[in-house]
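Take a look at the structure set out below.
Throughout, read-outs are computed from the coordinates displayed, never taken from laboratory work. Just so we're clear, the structure is a prediction, and the values are computed from it rather than from any experiment. We place every Cβ from the backbone using ideal geometry, glycine too, and count neighbours over all the protein chains shown.
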Amino acid sequence: MKLIFRLNILAIGLPILLGLVGTIFNIFLFYALLSTMLTGLIQVVLGIYLLFIQPKDKHVKIYLASVIVFFLFWIVVGNSHLDMGNFILAFVAIPALLAIYLTIIISKKMDLRAPQSKVEQPHSTKHIEIGDKNQEPQNNSSKYK
């Protein structure tokens, strides 16, 4: 699961890093845009892999169903006579939301599989009264009388 997490972070971080470098060297903005396709590919492959290793996980199923719906939406809008400019926000926002959703799924799986270093048990608290330091200790010698 650590490898999946690291691949996902790499896939998300690459376009961000290239975009930041692109603020200095403009050609890297082009590479950042291209790397978003690689990010999508890596995330879809990771989602399919997660479905194979945990076929009953409803969040992975929701993610993959959303990816399929997105691509069907893209095909329908692309092949229609609708103006693509009306849907440009959807074509930018939906992949970003899908990337965030898969990252949350993977992060939660990492948290569930992380070994616990200390078993948390309810602490019993004992009320201990500490007397005044100047107070004389009580002599309980009455039982010897």
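Using 0.36 nm per residue and subtracting the Cα-Cα separation, the extra length available between LYS58 and LEU89 on full extension is 8.4 nm.
The length gained by stretching the chain between ILE75 and LEU34 to full extension, at 0.36 nm per residue less their Cα-Cα distance, is 12.8 nm. The separation of region 71-98 from region 37-65, counted between C-alpha centres, amounts to 21 Å. Considering only VAL76, LEU51, ILE16, and ranking their Cα positions along the charge dipole of region 2-112 that arises from unit charges at the beta-carbon of Lys, Arg, Asp and Glu, the one farthest toward the positive end is LEU51.
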